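First the structure, in the form of structure tokens, and then the observations on it.
Read-outs throughout are calculated quantities, based only on the coordinates presented, and are distinct from any laboratory measurement. Keep in mind it's a predicted model, so treat the numbers as computed, not measured. No Cβ is skipped: glycine too gets one built from the backbone with ideal geometry, and neighbour counts run over all protein chains shown.
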Amino acid sequence: MIQSFHAHVYYRDPAERARAETLREKIAERFSVQLGRWHDNPIGPHERGMYQVAFNPEIFASFVPWLMLNRDNLTILLHPNTGHPRADHLKNSFWFGEVLTIENVELLPEASDEDERATPNTTPAIPI
Ligand code: ZN
């Protein structure tokens, strides 16, 4: 079962980081999502700086098409959280733009019983 999704928004230089910042603001203004911290240095399975947007299945149909049209050519990994982190990153995911390497695969457990529902921290005010 898909409990939630992550969209990881990557950037590799200050120009891309600035576009990622604009995208982050637009997302926060429009969608009830959980915005993660900025990681300017690669962390975990991610080969590039990024931030994470966690969201629940209820908004997939509005958020993902919006992201397709508004990602400003940034590379994004979209993966579900099904309780199988390794498969969710390697097999169940899809990419916008470039396909990057999933690193440190050994750190992604085959199975996890963590509660992966997103806890939104935005207060959207702009209807889409
Ligand atoms: Zn993730």
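Where Lys and Arg each count +1 and Asp and Glu each count -1, what net charge lies around Ile43 among other residues with Cβ under 13 Å from its Cβ? Don't jump to the answer; show the numbers that get you there.
Numbers: positive: Arg37, Arg48; negative: Asp40, Glu47, Glu103.
Neighbour charge sum, excluding Ile43 itself: -1.
Test of understanding: what is the full-extension gain from Thr22 to Trp95, defined as 0.36 nm times their sequence separation minus their Cα-Cα distance? Please list the in-between numbers first.
On the way: separation 73, 0.36 × 73 = 26.28 nm, distance 1.98 nm.
24.3 nm is the gain from fully extending Thr22 to Trp95.
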**Study point:** DSSP-assigned coil residues among trypsin sites (Lys or Arg not before Pro) in region 7-48, each with at most 16 further Cβ atoms within 10 Å
**Key:** Arg12, Arg37
Check your understanding: Using a Förster distance of 35 Å, how high is the FRET efficiency between Glu103 and Trp66, based on the Cβ-Cβ distance and rounded to 0.05?
Key -> 0.75
Review point. So which GluC sites (Glu not before Pro) in region 53-128 pass both tests, a DSSP loop state and at most 10 other Cβ atoms within 10 Å of the Cβ?
Key: Glu110, Glu114
**Study point:** Radius 13 Å from Cβ of Thr82, net charge of other residues (Lys, Arg +1; Asp, Glu -1)
**Key:** -3
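Round to the nearest 0.05 the FRET efficiency obtained for Arg117 and Asn41 when R0 = 35 Å and r is the Cβ-Cβ distance.
Values: r = 28 Å, r/R0 = 0.79.
The computed FRET efficiency comes out at 0.80.
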